[in-house]
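Trainee: What follows is a single structure, and I will ask about it in a moment.
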Amino acid sequence: MGPEHFGWGGWWVFPIVMPLVMVLVLIIVFYLVFGRGGPKPPWRNNSEGPSNHNKDHETAMEILKKRYAKGEIAREEFEQIKKDLES
């Protein structure tokens with residue numbers, strides 16, 4: 001007979017391992033909640049939000065300049081649209 005016959009069979013490891021697993025889970029939860037500066041979901045990027053929402057959208061003038069640079073519109077049309085946008 002060996003140590004596996006303490007009356008629990010192979011389950012004698014459970015009371016040793018389970019508290020370690022619980023501590024590890026608690027550390028992970030605390031990091032996810034408090035480690036990023038507040039309770040935010042981990043999939044939410046810090047650059048997202050209402051204040052940075054307009055950074056993704058180009059202004060009409062930027063689009064106009066790109067179209068002119070690509071040769072999609074002529075200089076006269078560019079000047080006319082630019083004048084309309086500035087007024």
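Trainee: Can you give me the distance in nm between label points at Lys83 and Arg67, each placed 7 Å from the Cα along the Cα-to-Cβ direction?
Mentor: Result for the modelled spin labels: 1.7 nm.
Trainee: Mind ordering 17-28, 58-69 by average Cβ neighbours within 10 Å, highest first? Don't skip to the answer; put the middle values down first.
Mentor: Values: 17-28: 9.9, 58-69: 12.7.
Result, highest mean first: 58-69, 17-28.
Trainee: Can you tell me how much longer the chain between Leu32 and Glu76 gets when fully stretched, taken as 0.36 nm per residue apart minus their C-alpha distance, in nm with one decimal?
Mentor: Details: separation 44, 0.36 × 44 = 15.84 nm, distance 5.61 nm.
Answer, rounded to one decimal: 10.2 nm.
Read the figures in this text as sums done on the coordinates, not as results from a lab. Since the model is a prediction, treat every value here as computed from it, not as a measurement. As a convention, Cβ positions derive from the backbone with ideal geometry for all residues, glycine included, and neighbour counts pool all protein chains shown.
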